[in-house]
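Written out below as C-alpha cells is the structure these notes cover.
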Amino acid sequence: MSRKIVRLTLDHLDALPDPCRSCLFWELDPVRRARVEDPRGEKDAWLSQVLREWGSCGRVALVDDVPVGYLVYAPEAFVPGAAGFPTAPVSPDAVLLTNVYVEPAHAGGGLGRMLIQGMARDLIERGGIKAVEAFGDTRGTRSCVVPVDFLGSVGFKTQRAHGTTPRMRMELRSTLTWKDELEGAMERLLGVVRPVKKPAPAPTPKATRSGRTVT
C-alpha cells in the first residue's frame, strides 16, 4: 500500500465526500452562502481564484493513488467565513488552516499528521509566513472545524482561549527546527548502522632484478 501527499487541484474536488464537496462554510460569508444556487460551481470558482492569486492552498492524501483525505489553508482574506468566530481575527503573520478530513476507514494511521507536515513544508519553502492558525472545536460536533485534540497532537498551541472554538497556532519556525532535528537524528542513526569501510591494504613490495624493491 502506497501513501503520499500531493497538492490540491481542481481535479481532486470531485473526489471529496459530501458534504465537503459542496460546503462553503469557509469560502463565503453567511449572506452570500444563502444566495448560492450552485455550491459545487462556487467551490470550483473559489479554489481557482486562490490558486491563481495566492498559489497552492491545500494538500490531498492518496492511498494507492486514491484520494482519502485532504486539508485546506489560505490567508484569512480568502476565507470570509472565519469572521464569524468569536476568537477571530487570525494574526496578520499567519495563514488559516480551515479544515482537515480523513476518511474513517483510514483514520488513525497518521495521514492527518502527514497532511499537516505537507502544508508546513510548503509554507516554509515559500518563506515570509511565520505561522499557521486554526479555529478548533472542543465539542467534536462541527464537521467543518478541526477538533482541538487533533490540533494539539500535531503541534498547535492555544493562541486565544474559548470554551468551544479557541484559536490555535503552530509556529513554522518550531516546525522547521523539528524537521532539522529529525533529519539530524536520521543521519546519526544511519552513521551507526552503516558498515565502516576498511582501509585498502597497502601494496606488497616487489623485487626487481637489481635487488631493489618497488611498490
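The values are calculated or read from the model by the stated rules, or taken from the named source; none is laboratory data. Quick caveat: nothing in here was measured; it's all calculated off a predicted structure. Ideal geometry is used to build each Cβ from the backbone, glycine not excepted, and the neighbour counts take in all protein chains shown. In case anyone asks, the SASA skips ligands and DNA or RNA and just uses the protein heavy atoms, side chains included. Shrake-Rupley method; radii C 1.70, N 1.55, O 1.52, S 1.80 Å.
The stretch between GLU37 and ASP64, if pulled fully straight at 0.36 nm per residue, gains 6.2 nm over its current Cα-Cα span. In units of the compact-protein estimate 2.2 N^0.38 Å, region 1-50 shows a Cα radius of gyration of 1.29.
Excluding ligands, DNA and RNA, the accessible surface per residue across region 99-170 is 48 Å² with a 1.4 Å probe. Taken along the Cα-to-beta-carbon direction at a fixed 7 Å, the label points for ALA77 and THR164 span 3.1 nm. Taking the 1.4 Å solvent-accessible surface of region 1-119 as the whole, the part contributed by carbon and sulfur is 52%.
With only the Cα atoms considered, region 1-104 has a convex hull volume of 112 Å³ per residue.
Could you tell me which GluC sites (Glu not before Pro) in region 15-77 are loop residues by DSSP with no more than 13 other beta carbons within 10 angstrom of their beta carbon? Filter output for region 15-77: GLU37.
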